[in-house]
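Notes for the one structure printed next.
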Amino acid sequence: MIEAFVWSDRFATGIESVDTQHQQLVQLVNQVGDLMIKGEKVSETELQALFKQLADYARFHFTDEERVMAEGGIEPQFIAEHREIHRRFTEQVVTMWQSRATMAHPAETLHGFLSSWLTFHILGEDQAMARELSRIATGVPPSESHHTYRGERSSSALLQALQTLYGVLSQQNRDLVETNLQLESRVESRNHELQKAYAALAADHRELTELLSKVDQAQSQLLQSEKMASIGQLAAGVAHEINNPIGFVTSNLSTLSRYVLDLLRVIDAAADSPTAQAVATEVDLPFLREDLTALLAESSDGLERVRKIVANLKDFSHVDEAEWQSADLIAGLESTVNVVWHELKYKVEIVRELHPLPVVRCIPAQINQVFMNLLVNAAQAIPERGIITLRSGLEHSNAWIEIADTGKGMSEDTRRRMFEPFFTTKPVGQGTGLGMSLAYDIIKKHGGSFDVSSTLGLGTTIRVWLPVGGPANLSENAAANPD
């Protein structure tokens with residue numbers, strides 16, 4: 001509860017302008033108390049405006065009061081002391097205003113301070129000033145009058161004690177505000193440091209996450225590459241093992257064909273014998289002669305087909321050709337078509353628009369892996385029946401192989417993401433999403449690139465570009481190490 005500061009005649013100094021200003025200050029002090037007691041109902045802007053009005057009017061009053069003292073002939077030393085009191089009051093009020101947020105009851109505290117100080121100031125300093133002006137007006141010299149004033153102040157120990165108390169309180173408030181400001185500065189600095197540390201930690205976390213993702217991708221691609229290499233080695237091993245029995249079966253079949261011809265000649269020579277004629281009729285010799293020739297021809301054709309499959313497996317795997325060398329891209333493409341023919345033959349017609357190419361510096365086994373991924377993807381993109389067109393060409397020093405299908409095509413989003421590791425449009429469990437990523441890395445390693453065009457419902461065309469002389473860094477290394 002705030003008690004209003006009530007003006008009475010005991011506060012009068014007898015100086016009209018000073019008393020009028022004192023009354024105005026009393027009204028402003030009461031207004032500040034009334035407004036602050038309302039709390040949240042009053043805006044900060046409104047409260048600050050009233051406090052500024054109080055501070056501005058107090059400065060005006062102090063200045064006018066000092067003018068009155070100077071015009072009345074009071075000694076400059078006394079005026080200086082009075083001015084210092086005014087300055088300390090202004091400083092105290094500003095300090096308390098700034099620290100009001102730390103007060104349990106800011107309205108009562110600030111209003112009580114203003115009322116008490118104004119009471120002390122009027123009853124003590126200003127009334128003593130009025131008496132000194134009155135003495136000087138009656139002819140008492142200023143120095144003598146001031147000596148009398150000092151005696152009056154010495155007899156008022158209570159007022160001096162109050163002034164000292166207000167000074168101590170003001171200093172404590174200033175120290176409190178300074179401490180709060182320092183604390184806020186330290187807290188702000190610490191928060192800034194924590195924010196920087198958090199930002200650095202977040203950046204490290206993002207970098208670590210990216211590195212882990214790259215490690216996972218590299219590991220998966222390495223596993224896929226090793227898997228392809230293992231398949232190639234297995235294919236080469238199977239081809240080698242099959243080659244041996246095919247060799248002697250082919251040789252034996254050729255010998256058997258000659259033996260059969262010789263036996264048929266013997267049979268023809270004995271054809272006039274009644275016994276031979278009876279046996280020939282019993283076994284249906286004409287049919288045997290015709291069917292035996294067909295069986296031998298079919299067996300020979302089957303062995304030739306097996307031999308070609310084995311040769312294609314060897315060409316595809318290139319196990320003994322893991323180093324950079326000059327290779328025939330079209331031959332590699334054809335051998336890859338034969339290897340994956342089981343994926344193509346039931347629903348794909350192969351159309352060839354291949355033009356001769358110079359040999360290209362590359363690692364053949366890796367390029368064949370790229371061809372295989374493109375061919376299998378093209379076949380899987382065709383729902384029922386379709387066409388895969390193989391094209392080739394040369395522009396300047398770059399060879400290209402193109403594989404076009406009449407399948408489902410891709411959306412723009414799928415086309416943009418087709419080379420991302422682990423991206424796949426296949427159902428879960430039916431694709432790793434690494435085939436095209438691995439193909440991209442292989443072609444990039446070879447200094448080449450991909451051109452991809454696709455239209456939903458019409459199909460996809462992928463062109464692989466490779467520099468004929470191999471990647472630039474390979475050419476530089478070869479020039480630096482001619483041996």
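The values are calculated or read from the model by the stated rules, or taken from the named source; none is laboratory data. Since the model is a prediction, treat every value here as computed from it, not as a measurement. Reconstructed Cβ throughout: ideal geometry from the backbone, glycine too, with neighbour counts over all protein chains shown.
Could you identify the single residue in 110, 165, 123 that is under 27 Å from residue 5 (Cβ atoms), surrounded by 14 or more Cβ atoms within 10 Å (Cβ to Cβ) and at pLDDT below 75? Before you say what the answer is, go through the steps one by one.
Values: 165 fails: surrounded by 14 or more Cβ atoms within 10 Å (Cβ to Cβ); 123 fails: at pLDDT below 75.
After applying the criteria, what remains is 110.
Cβ contacts < 7 Å: first residue within 19 Å of residue 414 (Cα to Cα), restricted to region 365-382; second residue polar (S, T, N, Q), any location; separation 6+ or different chain. Result?
Here the result reads 375/336; 381/460; 382/406, each pair linking region 365-382 to a residue that is polar (S, T, N, Q).
Among the strands (runs of 3 or more DSSP E) contained in region 322-363, which hold 1 or more residues that are free of Cβ contacts under 8 Å to residues at least 24 places away in the same chain and in the same structural domain as residue 385 (by TED's automatic domain parsing)?
It comes to none.
Just to be sure before I move on: is residue 379 outside any strand (DSSP E or B) and crowded, with 18+ Cβ neighbours inside 10 Å in the structure I sent? Steps first, please.
Details: outside any strand (DSSP E or B): yes; crowded, with 18+ Cβ neighbours inside 10 Å: yes.
Considered against the rule, which asks whether it is outside any strand (DSSP E or B) and crowded, with 18+ Cβ neighbours inside 10 Å, residue 379 comes out as yes.
Take the residues of region 444-459 that are out of contact with any Asp or Glu (no Cβ under 6 Å at 6 or more places or on another chain) and buried (at least 20 other Cβ atoms within 10 Å of the Cβ): which is farthest from residue 400 (Cα to Cα)?
Residues of region 444-459 out of contact with any Asp or Glu (no Cβ under 6 Å at 6 or more places or on another chain): 444-458.
Keeping just the survivors that are buried (at least 20 other Cβ atoms within 10 Å of the Cβ) gives 446, 448, 454.
On the way: 446: 13, 448: 9, 454: 18 Å.
That would be 454.
Pairs, please: C-beta under 9 Å, at least 6 apart or cross-chain, first residue farther than 23 Å from residue 118 by Cα and at pLDDT below 80 and in region 34-56, second not in a helix (DSSP H, G or I) and not β-branched (Val, Ile, Thr)?
Filtered contacts from region 34-56: no entries.
For every residue, the table says whether it meets (1) assigned to a helix (DSSP H, G or I); (2) surrounded by 10 or more Cβ atoms within 10 Å (Cβ to Cβ); (3) modelled with pLDDT of 80 or more; (4) more than 44 Å from the chain's Cα centre (by Cα).
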residue: 175; (1), (2), (3), (4): yes, yes, no, yes
residue: 192; (1), (2), (3), (4): yes, yes, yes, no
residue: 199; (1), (2), (3), (4): yes, yes, yes, no
residue: 202; (1), (2), (3), (4): yes, yes, yes, no
residue: 208; (1), (2), (3), (4): yes, yes, yes, no
residue: 216; (1), (2), (3), (4): yes, yes, no, no
residue: 229; (1), (2), (3), (4): yes, yes, no, no
residue: 248; (1), (2), (3), (4): yes, no, no, yes
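So, in region 435-482, of the ones that are of a type in the set (Phe, Trp, Tyr) and modelled with pLDDT of 90 or more, which residue ends up nearest to the chain's Cα centre (by Cα)?
Going residue by residue through region 435-482, those that are of a type in the set (Phe, Trp, Tyr) are 440, 450, 465.
From what's left, modelled with pLDDT of 90 or more: 450, 465.
Values: 450: 27, 465: 32 Å.
The residue in question is 450.
What are the residues in region 127-146 that are among the acidic types (Asp, Glu) and surrounded by 12 or more Cβ atoms within 10 Å (Cβ to Cβ), if any?
Hit for region 127-146 is 132, nothing else.
When region 338-356 is examined, which residues are found to be modelled with pLDDT of 90 or more and surrounded by 19 or more Cβ atoms within 10 Å (Cβ to Cβ)?
348
Out of all the residues in region 14-29, which are of a type in the set (S, T, N, Q) and either in contact with a helix residue (DSSP H, G or I) (Cβ under 6 Å, 6 or more places away or on another chain) or without any contact (Cβ under 8 Å) to a residue 40 or more places away in the chain (or both)?
Restricting attention to region 14-29, the residues satisfying the condition of being of a type in the set (S, T, N, Q) are 17, 20-21, 23-24, 27.
If the condition is that a residue be of a type in the set (S, T, N, Q) and either in contact with a helix residue (DSSP H, G or I) (Cβ under 6 Å, 6 or more places away or on another chain) or without any contact (Cβ under 8 Å) to a residue 40 or more places away in the chain (or both), then 20, 21, 23, 24, 27 are the ones that fit.
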